[in-house]
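Data first, discussion second: the structure below is written as structure tokens.
The values are calculated or read from the model by the stated rules, or taken from the named source; none is laboratory data. Not measured: the values here are computed from a predicted model. Here Cβ is always computed from backbone atoms with ideal geometry, including for glycine, and neighbour counts include all displayed protein chains.
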Amino acid sequence: MQKIFLLILIISIAISGAGCDSSYATKKRITKEQDRIVTGKLKYDYDVMEKDLRALRRKYGEAISYTSIGKSVEGRELYAVKIGKGDQKLLVVGSVHAREWMTSYLLMNLLELYLEAGQEGKRVGAYNIRKMLQDATITFVPMLNPDGVDLVLNGVGDRDKASLMHMNENIEDFSRWKANIAGVDLNRQFNADWADTVSKEAPSFENYKGESYLDQPESQALAALAEQEDFDITAAYHLSGSVIFWYYHQEGANYRRDLRIARRIRWITGYKLVKEKDSDEVAAGFKDWFVKVYKRPGYTIEIGDKRYDEIVVEDISRFVRENRKVIPYLAKEAKKIK
Ligand SMILES: [Zn+2]
């Protein structure tokens, strides 16, 4: 009986071993996906991101480095992650708004994609990633608002629930929270017509601009990073709408340049451009400030064509597909900026 069993086992191993190329390819692909560090999670919070950053550093060594550019209101690190060693400088920001945590997941996926392609000498679309990493330094701030993301994904915990409920219009469900944990909208915090920017009167889950511009540690850290690094182009990822904001009172050659680049991002992603007349005249967003102060291109890219609470983690592969060529493209454009 044992012999028969053994025989069946040997035959079945022989059959499976003689599989066609496609099953081999599938197996190889599965192994590859299993090797990935940044993988499908139900939620992508600060702790998961921190663990992934450490694992990426262990796997890719000096190809990736990260530092903290400051601490959030609750003392979480605000990480800035660098890949590449070139003179062109890009900045990519995620999770400015708490409920848009999927943008952190997207940026971490892109980070790993470029690290892997750089190491293996592979292309992303037509872009040679090894060359991109020689020519450009790309700084990711994957989670500008870690406290807010934690509130959305993990709930109130031991925070003062009454005060948070008050800021949330007495609704127990915090999944719609956009602000930082102090109730300030980090994308209404920058010195670009801040005084005239529309705002709620008091701290709120959304749309309160603070008592003065840059009065929150998260927005301060981002502005300080921009001042220190002198970026050629910046892109802040938000959710949702599948649209690209690009306009902030540019004129002449800068207007034509920034629109041309925006059109190309539209072509890559399939997202729509927000018309000038539909862009906020006064906004105090990061992109507005960057465009105004540095006179260089800054974009707000809104991923996802569903509501923030209808987007599921399985949508990530589509977001990666739509956006993976944006950063390599911007790295090329950056050569023409300074
Ligand atoms: Zn947003």
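Limited to region 285-313, what total is found for residues that are among the aliphatic types (A, V, I, L, M) and part of a helix (DSSP H, G or I)? Lay out the reasoning, then the answer.
The initial filter retains those residues of region 285-313 that are among the aliphatic types (A, V, I, L, M), namely 291, 293, 301, 303, 311-313.
Next cut, part of a helix (DSSP H, G or I) only: 291, 293, 313.
Total meeting the criteria: 3.
Among Ala235, Ala284, which is within 14 Å of the ligand (Cβ to nearest atom), of a type in the set (A, V, I, L, M, F, W, C) and under 17 Å from Lys89 (Cβ atoms)?
Working: Ala284 fails: under 17 Å from Lys89 (Cβ atoms).
Matching residue, one of Ala235, Ala284: Ala235.
Give the residues of region 232-243 that are of a type in the set (Val, Ile, Thr) and surrounded by fewer than 23 Cβ atoms within 10 Å (Cβ to Cβ), sorted by residue number. Before you say what the answer is, go through the steps one by one.
Going through region 232-243, the residues of a type in the set (Val, Ile, Thr) turn out to be 233-234, 243.
Passing the criteria: only Val243.
Quick test of your reading of the structure: Leu144 fulfils all but one of (1) under 16 Å from Asp45 (Cα atoms); (2) of a type in the set (A, V, I, L, M); (3) away from the ligand (no atom under 16 Å from the Cβ). Name the failing condition by number.
Condition (3) is where Leu144 drops out.
Do we have Thr39 as among the hydroxyl-bearing types (Ser, Thr, Tyr) and part of a loop (DSSP other than H, G, I, E, B) here?
Details: among the hydroxyl-bearing types (Ser, Thr, Tyr): yes; part of a loop (DSSP other than H, G, I, E, B): yes.
Yes: the conditions hold for Thr39.
Take the residues in region 88-117 that are over 18 Å from Val149 (Cα atoms) and assigned to a strand (DSSP E or B), then tell me which one is farthest from the ligand (Cβ to nearest atom). Spell out the reasoning first.
First, the residues of region 88-117 that are over 18 Å from Val149 (Cα atoms): 88-91, 110-117.
After this cut, where a residue has to be assigned to a strand (DSSP E or B) as well, the list is 88-91.
On the way: Gln88: 26, Lys89: 23, Leu90: 20, Leu91: 16 Å.
Restricting to residues being over 18 Å from Val149 (Cα atoms) and assigned to a strand (DSSP E or B), the top hit is Gln88.
Within region 242-261, how many residues are among the hydrophobic types (A, V, I, L, M, F, W, C) and either modelled with pLDDT under 95 or outside any helix (DSSP H, G or I) (or both)?
Our first condition is that a residue be among the hydrophobic types (A, V, I, L, M, F, W, C); within region 242-261, this holds for 243-246, 253, 259, 261.
Those still in the list that are either modelled with pLDDT under 95 or outside any helix (DSSP H, G or I) (or both) too: 243-246.
Going through region 242-261 one residue at a time, the tally reaches 4.
Which of the residues belonging to region 192-235 are among the charged types (D, E, K, R) and not in a helix (DSSP H, G or I)?
Passing the criteria: Asp193, Lys200, Glu201, Glu206, Lys209, Glu211, Asp215, Asp230, Asp232.
Any residue that is surrounded by fewer than 21 Cβ atoms within 10 Å (Cβ to Cβ), at pLDDT 90 or above and within 14 Å of the ligand (Cβ to nearest atom) - is there at least one of those in region 317-332?
The answer is no, given that none of the residues of region 317-332 is surrounded by fewer than 21 Cβ atoms within 10 Å (Cβ to Cβ), at pLDDT 90 or above and within 14 Å of the ligand (Cβ to nearest atom).
Consider Ile303 against the criteria (1) within 16 Å of the ligand (Cβ to nearest atom); (2) at pLDDT below 95; (3) within 16 Å of Leu106 (Cβ to Cβ): it satisfies all of them except one. Which criterion is unmet?
So Ile303 meets the others, but not (2).
Only one of Lys85, Lys122 is surrounded by fewer than 24 Cβ atoms within 10 Å (Cβ to Cβ), basic (Lys, Arg), more than 27 Å from Phe290 (Cα to Cα) and away from the ligand (no atom under 16 Å from the Cβ). Can you tell me which?
On the way: Lys85 fails: more than 27 Å from Phe290 (Cα to Cα).
From the options Lys85, Lys122, the qualifying one is Lys122.
Quick one: how many residues across region 175-191 are in a loop (DSSP other than H, G, I, E, B), surrounded by 21 or more Cβ atoms within 10 Å (Cβ to Cβ) and not acidic (Asp, Glu)? Break it down into steps so the answer makes sense when it comes.
The initial filter retains those residues of region 175-191 that are in a loop (DSSP other than H, G, I, E, B), namely 175-185, 189-191.
Imposing the further condition that a residue be surrounded by 21 or more Cβ atoms within 10 Å (Cβ to Cβ) reduces the set to 177-181, 183-185, 189-190.
Subsequent filtering for residues that are not acidic (Asp, Glu) retains 177-181, 183-184, 189-190.
Residues meeting the conditions: 9.
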